[in-house]
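Have a look at the structure below, then the notes.
The values are calculated or read from the model by the stated rules, or taken from the named source; none is laboratory data. Note that the coordinates shown come from a computational prediction; the quantities given were computed from them, not determined experimentally. When we count neighbours, we look across all protein chains shown, and the Cβ atoms used for this are built from the backbone with ideal geometry, even at glycine. Ligands, DNA and RNA are excluded from the accessible area calculation, which covers all protein heavy atoms including side chains. Shrake-Rupley method; radii C 1.70, N 1.55, O 1.52, S 1.80 Å.
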Amino acid sequence: FAFTTENLVALPTKYRITAIKEHLGNILIWTEAEMWHYTPSQGEVKSSGRLTKVSDLIGCLSPQSVAKTAEGVVWVDTNGIYITNNGLQHKVLSAPLKSFFNEFITNPVTSYYQRSGVADLTNPLPNSFYRFNPKMVNVAHSPSQDILLVSFPGEGIALVLTQNKWAVWTFESNVSVDSAATPVPDVGTMENIKDAYIIADDVGLFMVGSVQSQNLTDAAVTW
């Protein structure tokens, strides 16, 4: 029925907290434009530890935009992809993809068949370039495949790092067909996997796709 002290830590920031991750017994805290490192104190009361501001330029998008790997903690903000192995220093992983965050990158797959040399502009056309889209950005690490995947469902792609090289995985085709009965290749796109969201564990690599929708027919009110 008694408390020795207030066991909480106030973060001196004007921004809301966007993500928190434990690393090596410490706590990494991000806002939309800052990164903090907190070392808890020993004993029952954890609030008398050390709080250090790591950066006032680098933040994090969301809890889904942070993941642990064998090398450290990886996260994404509006300017790039970063990694830290001790929580106090960080390295930019996305340096080769700087233009993706600042401007755009072109679609690596640019060759496709055209029926009669003409594209029907009434058809949905494939993206010829990609740019940073914050919608549902997710970071996943697959230990079994030893790859890091950063999926951007809003763009229909994933940026994949393996053996220190980046690749682009796209989830839409550059060719469409009229029908299964008479498949005539034409410039267009087939989005068989919509809003691709990649997840991984120690065993395998998985994907959640498509947009879920439901029509409520009762008198329920939803928010």
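Worth a mention:
- Candidate set from segment 15-56 (those that are basic (Lys, Arg) and assigned to a loop (DSSP other than H, G, I, E, B)); member that is nearest to the chain's Cα centre (by Cα): ARG16
- Complete set of residues in segment 124-175 that are more than 17 Å from LYS68 (Cα to Cα), surrounded by 13 or more Cβ atoms within 10 Å (Cβ to Cβ) and of a type in the set (S, T, N, Q): ASN127, ASN133, THR170, SER173, ASN174
- Of the candidates VAL66, VAL45, the single residue that is open to solvent by 20 Å² or more (accessible area, probe 1.4 Å) and either in contact (Cβ under 8 Å) with a residue 24 or more places away in the chain or under 22 Å from ASN102 (Cα atoms) (or both) is VAL45.
- Residues being polar (S, T, N, Q) and modelled with pLDDT of 70 or more - total across segment 183-214: 3
- Of all the criteria given as (1) surrounded by 12 or more Cβ atoms within 10 Å (Cβ to Cβ); (2) farther than 13 Å from LEU88 by Cα, the one not satisfied by HIS37 is (2).
- The single condition from (1) surrounded by 14 or more Cβ atoms within 10 Å (Cβ to Cβ); (2) not in a strand (DSSP E or B) that GLU6 fails is (1).
- If the condition is being among the aliphatic types (A, V, I, L, M) and in contact with a Gly (Cβ under 7 Å, 6 or more places away or on another chain), then segment 79-105 contributes ILE83, VAL92.
- Residue under evaluation LEU88, criteria (1) part of a loop (DSSP other than H, G, I, E, B); (2) closer than 22 Å to ASN138 by Cα; (3) of a type in the set (A, V, I, L, M), criterion not met: (2)
- The single condition from (1) in contact with a strand residue (DSSP E or B) (Cβ under 7 Å, 6 or more places away or on another chain); (2) open to solvent by 70 Å² or more (accessible area, probe 1.4 Å) that HIS23 fails is (2).
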